[in-house]
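Below: the structure, in structure tokens.
The values are calculated or read from the model by the stated rules, or taken from the named source; none is laboratory data. Owing to the predicted nature of the structure, the values given are computational and were not obtained by experimental measurement. Heads up, the Cβs are rebuilt from the backbone with ideal geometry, glycines too, and the neighbour counts pull from every protein chain shown.
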Amino acid sequence: MNKVSAPGKIILSGEHAVVYGYPGLYASASLRMNVELTKNGNRLSSSYANYAFKKALKMHKVKAKPDYSFQIKSKIPIGSGMGSSASLAVCMSTLAQRIAKKKFDLEEINRVAYEIEKKQHGKPSGGDNTIVTFGGYLWYRKESEKLKVFSKITPVKALPKLFIINSGTPSESTGEMVSLVRDKYNKNLDEVVDIFNQIEICSKSLLKNILGEEKNDLGEIITFNQRLLEQLGVVSLQTKNLISLLEKNGASVKISGAGGKTQGSGILLVYHKDPKSLKNFVKSKKLDMISVSLGKKGVKIEK
Ligand code: PMV
């Protein structure tokens, strides 16, 4: 009854631009987080989880603070662009909604999770918590603080196999990467707006590909998107070198999420026309790669 789970996510296209009102294309991932409330469990160690739960209780108007502990089990890598913080916020929001004895309401879960995410990210677009709440594939756009629109997408056919390689946990937080882009935006407005416009073209091409409206090359879109993110300054040299190695082997690769500038840049989304050759290459280079299935269910109550 007091156990919920929420998926991780990947951003297929549109990270950073989405903060400025451009569209983002999101998919939920098969790796999930489970949070269980127990009356006498171990005390919680993460201060963010504590904060998230307290904020969720307050926003769901639970008056008396219940004496609960949590058990968090997660397969989502932390701080790497796969939505672990959004997943936690959504799980906490859902649990608080249950404690408040309200009906299961995804809109409300998402609204509260967005407020929790502000602590972690400062000014988030809201895309991460929305995909984690609703699951599947989403086209998302933040028009203003109070108007965030999104549409569920049903792919006409299964997407080709996509893989995840972790380029290393970034030393910068998402908030820091968002600020870094903000500085660049303030200093070089025309250049950054041009990059965002081109990112929007990538997002739309990918959308049309998924909807079966255009037969464009998925690999080309991913690579172009990656070049734009590099121009934005959110990819470290270490990660660029790793991507260049994978590209030489025929892969198309982009970061997914906020990225990282000095060390790792979080997870990489990898596509290859010949997954077998990719797997052999990755093995020979001793890289860690996982296959990820997309479009999974959003937050749910577990038995
Ligand atoms: O927290 P991450 O790494 O999943 O990235 C969030 C995506 C950004 O566009 C960089 C920020 C946002 O709020 O949308």
Between a residue in the stretch 192-220 that is within 17 Å of Gly21 (Cα to Cα) and small (Gly, Ala, Ser) and any residue that is at pLDDT 95 or above and surrounded by 20 or more Cβ atoms within 10 Å (Cβ to Cβ), which pairs come within a Cβ distance under 6 Å, given they are 6 or more apart or on different chains? Ser203/Ser13; Ser203/Gly14; Ser203/Pro23; Ser203/Leu25
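So that you can scan it fast, the table gives a plain yes or no per residue for (1) buried (at least 19 other Cβ atoms within 10 Å of the Cβ); (2) out of contact with any Phe, Trp or Tyr (no Cβ under 8 Å at 6 or more places or on another chain):
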{"position": "Val149", "(1), (2)": "no, no"}
{"position": "Leu159", "(1), (2)": "no, yes"}
{"position": "Gly168", "(1), (2)": "no, yes"}
{"position": "Ser173", "(1), (2)": "no, yes"}
{"position": "Val178", "(1), (2)": "yes, yes"}
{"position": "Arg182", "(1), (2)": "no, yes"}
{"position": "Leu189", "(1), (2)": "no, yes"}
{"position": "Val192", "(1), (2)": "yes, no"}
{"position": "Gln198", "(1), (2)": "no, no"}
With respect to Thr174, determine if the residue is modelled with pLDDT under 95 and within 21 Å of the chain's Cα centre (by Cα). yes
On the basis of being surrounded by fewer than 20 Cβ atoms within 10 Å (Cβ to Cβ) and touching a Ser or Thr at 6+ places or on another chain (Cβ under 8 Å), does Gly212 make the cut? no
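Yes/no per residue for (1) more than 27 Å from Met289 (Cα to Cα); (2) within 11 Å of the ligand (Cβ to nearest atom):
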| residue | (1), (2) |
| --- | --- |
| Tyr140 | yes, yes |
| Val149 | yes, no |
| Pro170 | no, yes |
| Met177 | no, yes |
For the stretch 80-125, how many residues are small (Gly, Ala, Ser) and under 10 Å from the mean Cα position of the chain (by Cα)? 7
Selected residue (criterion: surrounded by the most Cβ atoms within 10 Å (Cβ to Cβ)) from residues of the stretch 265-288 that are more than 18 Å from the chain's Cα centre (by Cα) and of a type in the set (A, V, I, L, M): Leu278
Restrict the check to the stretch 42-52 and report whether at least one residue is within 16 Å of the ligand (Cβ to nearest atom), polar (S, T, N, Q) and outside the structural domain of Arg227 (by TED's automatic domain parsing). no
Condition check: within 30 Å of Lys215 (Cβ to Cβ) and either in the same structural domain as Ser256 (by TED's automatic domain parsing) or not aromatic (Phe, Trp, Tyr) (or both). Does Pro155 satisfy that? yes
